[in-house]
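A quick write-up on the structure given underneath.
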Amino acid sequence: MNNTLPNQNFSPDEESIDLKKYLYLLLGNWYWFFFAFIICIGIAWLVNRYTKPVYQVTSSLIIKENDPGRASSGIESAIPALQILRTQQKVLNEIEVLKSYWLTNKAIASLDFDISYVGVGRSGFKISNQYNVSPYIVIPDTSKNNTYGYPVYIRFIDKEKYKLHIEGKPDINAVVRFGEPFRSDGFNFTLVQRDPATFDPELSYYKNYFIINSRNALVNEYMSLLTIKPNDDKRGSVLFLTVKGDNALQLTEYLNKLMEAYIQQGLEDKNQTAVNTVNFIDQQLGILNDSLQGAERTLQNFRTSKRLYDLPTEGSIIYNRLDKYYQDKAMLELQGRYYAYLLEYVKNRNNLNQVVAPAVMNITDPILADLLTQLNTLIAQKNELQFSMQKNNPKMAEVDAKISIMQASLIDNIQNLIRNNNLALSDTKGILAGAEQELLQLPVTERQLINIKRKYNVNDQIYTFLLQRRAESAIARASNVADNKILDVARVDNALPIAPKKKMNYLIGLFMGFLIPFGTLVLIDLMNNKITSREDVEKKTPVPLIGGVGHYLGHKQVAVLENPRSALAESFRGVRTTLQYLLKDEKHKVIMITSTISGEGKTFVSANLAAMLALGAMKTLLVGLDMRRPTLLKLFHMESKPGISQYLIGQAGFSEVVLPTDIENLFLAPAGAIPPNPAELINSHRMVEFFSKAKEQFDIVIVDTPPFGLVTDALLVARFADANLFMVRQMYSSRDVLEPIGELYHKKELKNIGIILNDVKPAGYHYHKGYRYYTYGYSHGYGYGKYSNRNGYYLEENEDQEKSIWAKIKSVFKN
């Protein structure tokens with residue numbers, strides 16, 4: 001039967017976070033946080049100092065949305081989304097062009113990136129890219145082989161010499177003068193000072209080295225560094241180019257050179273038609289030039305020798321007719337050469353944007369112009385699809401088929417034009433033959449002048465015509481501007497340092513300086529399964545908490561007699577008062593005191609509780625039933641006497657085993673000799689007789705038993721007890737020991753079950769396994785809290801002695 005009221009704070013299903021406990025845990029271990037902050041901030045400082053810096057450089061381009069002279073189709077005009085889609089497709093194509101290998105190679109080829117200069121600090125951790133600021137310049141010998149990607153270490157000896165070291169098999173070590181060529185297997189270069197006037201070996205880095213870069217590796221590296229994003233507006237065509245690296249100047253120069261190469265390439269593509277036209281005309285002019293000069297000399301010599309400077313009327317008429325026919329013949333021959341050029345171009349080349357336009361040669365055939373335009377459109381469409389589709393894509397195959405059909409149609413048209421041109425040329429030659437027959441009727445001198453003059457005028461007029469067309473093409477080329485343009489160039493002063501992020505690293509250091517120790521303390525606390533406070537008992541078991549016994553630092557086992565006004569004595573008075581309240585209806589009271597495991601202080605509490613009851617004028621018997629490890633005689637400094645074990649086997653009487661102590665009203669029944677079968681003896685009828693006599697002769701009986709978690713002795717004794725007190729010890733007993741006590745309470749097989757919390761530390765901080773935890777102290781009755789001595793209710797040992805200043809300072813850090 002269980003008469004005690006259950007613990008009102010018991011909440012088995014409620015798991016709450018004790019913020020106050022963790023606050024005290026944090027404050028009590030402040031030095032962990034102090035050292036953690038110092039270490040983490042130090043690590044952040046080292047990271048900021050020795051991490052290779054990373055900069056971000058950005059520029060922007062504007063991409064022209066439509067091709068020049070290309071009008072939107074009716075569908076695109078009706079559906080703006082199609083025009084937006086075409087613009088997006090063009091922007092994506094231009095992104096691929098900017099990230100292409102050939103354009104990157106073209107940009108790097110015009111930059112001094114072939115040598116990487118590196119400086120290393122004395123610690124060996126700080127590495128600096130010395131682009132354009134290294135104190136020396138490497139001039140590789142391009143006529144000989146050089147090893148790419150291998151560091152060559154340089155240590156300056158003085159202003160004239162340096163020591164060179166190349167790790168390899170075998171190592172290369174040499175002292176070389178500046179300006180003196182170095183020759184070795186795979187290494188051929190010359191070192192010169194960048195600025196001899198300011199060169200100072202003492203101001204250079206502790207260690208220097210350079211690397212000769214492979215062009216292919218450089219191109220691939222910078223292709224991977226480049227990031228291109230269009231503006232957020234989907235209808236826009238602005239591209240933002242971004243590169244990240246360890247040298248802002250180098251990144252800036254690369255980005256600007258890349259955009260310059262891109263714009264220049266676009267302009268060259270746009271001008272290629274004019275360039276091809278000029279080249280074609282120059283070829284024709286070269287053919288005509290010799291003929292024109294020869295005809296001019298012949299005409300001049302004939303007029304001088306024959307003294308004939310003009311033709312009579314009849315001769316002039318025939319000459320004008322012949323001149324017209326010969327001009328027609330010369331133009332047909334020029335157009336014939338153009339058709340041949342165009343036919344060869346269409347058969348052997350894919351890009352017709354660069355072909356000489358028919359209009360340049362006065363060819364106005366609308367079918368030819370339309371076929372060229374359609375074929376150019378299909379080829380441009382194929383080029384766009386190549387950036388976003390695989391070669392085996394059905395859409396690509398469809399476009400290729402259309403190009404083949406259009407190319408065949410164009411070739412047929414050109415061949416028809418060639419045949420028609422040949423027919424016209426044949427007709428013109430026939431007309432010329434008739435006109436030359438009329439010429440035979442003129443005098444010989446006039447005929448000769450007409451032929452010479454006609455040949456000169458035809459060549460001169462064709463030559464003048466070609467010169468005019470050449471000038472027009474040159475003007476068109478000079479007036480062309482690039483379709484795309486640079487919006488913002490990259491600037492060194494706008495380079496954004498993105499690593500190391502110094503402020504962020506310091507914030508992370510502060511955060512980790514708090515998180516690591518706090519997490520460690522919380523982890524230790526969570527892994528600590530010991531009972532640390534009253535709350536641990538109240539939340540884990542319904543068994544009521546009778547009271548708490550304070551921490552004892554003295555050496556005397558019966559501590560309540562050593563200092564009756566101490567806090568420890570007051571805690572036992574509190575337990576005594578609670579027991580008197582619980583057992584007020586019992587005439588003769590038997591109190592069993594046990595524990596779950598050894599070392600929880602049950603014998604110490606039994607002896608001091610018995611002494612405190614005796615001091616309260618109650619005739620008290622302390623019974624030692626821990627017959628396996630008897631210690632009560634030693635505790636009271638008494639000689640070995642017959643005890644309970646002898647009584648239970650009939651070798652001693654009741655009066656022989658009940659011994660008076662030095663404490664008034666306190667008697668002791670020791671355990672006696674250690675028997676081989678304690679449980680059987682406790683379960684005998686002699687044990688019943690013993691407790692009957694004890695109840696008759698004493699006001700209260702305190703029974704010290706073995707831990708019930710180890711042997712069954714305590715449970716056998718519990719049938720005689722009016723109150724069963726279980727000892728748990730702060731920072732010693734596991735929380736798991738509360739579970740079997742709770743089970744006994746629920747079964748109601750034992751009367752008046754209660755728990756006493758032993759070894760309760762005073763309110764403040766205490767150490768346990770390297771960290772400080774906080775306890776709230778103890779008080780009397782059913783609970784304990786901060787026990788204060790400010791009103792003088794108890795007297796601690798040496799309390800009246802004044803503390804020194806140093807002791808007060810230490811107490812601040814201790815508590």
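The values are calculated or read from the model by the stated rules, or taken from the named source; none is laboratory data. If you're wondering where the values come from, they're calculated on a predicted model, not measured in any experiment. Every residue, glycine among them, receives a Cβ derived from its backbone with ideal geometry; neighbour counts consider all protein chains shown. With ligands, DNA and RNA removed, areas are computed over all heavy atoms of the protein, side chains included. Shrake-Rupley method; radii C 1.70, N 1.55, O 1.52, S 1.80 Å.
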First measure r as the distance between the Cβ atoms of Ile139 and Glu260, then evaluate 1/(1 + (r/R0)^6) with R0 = 22 Å and state the FRET efficiency to the nearest 0.05.
0.30
Ratio of the range 658-716's C-alpha Rg to 2.2 N^0.38 Å, to two decimals?
1.23
Suppose R0 equals 51 Å; then what is the FRET efficiency for Ser734 and Trp45 from their Cβ-Cβ distance, rounded to the nearest 0.05?
0.70
A chain fully extended from Leu526 to Met638 at 0.36 nm per residue, minus the present Cα-Cα distance, gains in nm 35.8 nm
Inter-site label distance for Lys244 and Ile405 at 7 Å from Cα along Cβ, in nm
5.0
Treating only Lys and Arg (+1) and Asp and Glu (-1) as charged, each at its beta carbon, one finds that the range 494-623 has a dipole about its Cα centre, in Debye to the nearest 20, of 180
Listed residues Ile674, Ile524, Ile741 arranged by accessible area, highest first, probe 1.4 Å
Ile674, Ile524, Ile741
Could you work out the pair-distance distribution P(r) of the range 204-255 from its alpha-carbon pairs, with 5 angstrom bin width and percents rounded to whole numbers?
4, 15, 17, 21, 15, 12, 7, 4, 3, 2, 1
With a sphere of radius 14 Å drawn around the Cβ of Ala614, what net charge do the other residues whose Cβ falls strictly inside it have (Lys, Arg +1; Asp, Glu -1)?
+1
Projected onto the charge dipole of the range 101-187 (+1 at Lys/Arg Cβ, -1 at Asp/Glu Cβ, origin at the Cα centre), which of Phe113, Ile154, Gly124 gives the Cα projection farthest towards the positive end?
Gly124
Solvent accessible area, Å² - Leu496, 1.4 Å probe, full protein context
90
Along the principal axes of its C-alpha atoms, what lengths does the range 116-207 span, in descending order and rounded to whole Å?
32, 30, 22
Contour minus Cα-Cα distance for Val54 and Asn376 (0.36 nm per residue):
111.4 nm
Report the FRET efficiency, 1/(1 + (r/R0)^6), for Ile172 and Ile498, where r is their Cβ-Cβ distance and R0 is 45 Å, rounded to 0.05.
0.75
If each of Ser214 and Asp427 carries a label point 7 Å out from its Cα toward its Cβ, how far apart are those two points in nm?
6.6
Cα pair count fraction exceeding 19 Å, expressed as % - the range 564-716
51
As an exercise, identify the chymotrypsin sites (Phe, Trp or Tyr not before Pro) in the range 99-185 lying in DSSP coil whose Cβ has no more than 15 other Cβ atoms within 10 Å.
Phe125, Tyr148
Which entries of Lys257/Lys485; Lys161/Lys207; Lys64/Lys347 show an alpha-carbon separation above 22 angstrom in the structure shown?
Lys64/Lys347
Specify the inter-centroid distance of the range 639-661 and the range 171-202, based on alpha-carbon positions, in whole Å.
104
Quick query: amide H of Asn29 versus all other amide H atoms, modeled in the peptide plane; which residues come in under 5 Å with a sequence gap of 5 or more or a different chain?
none
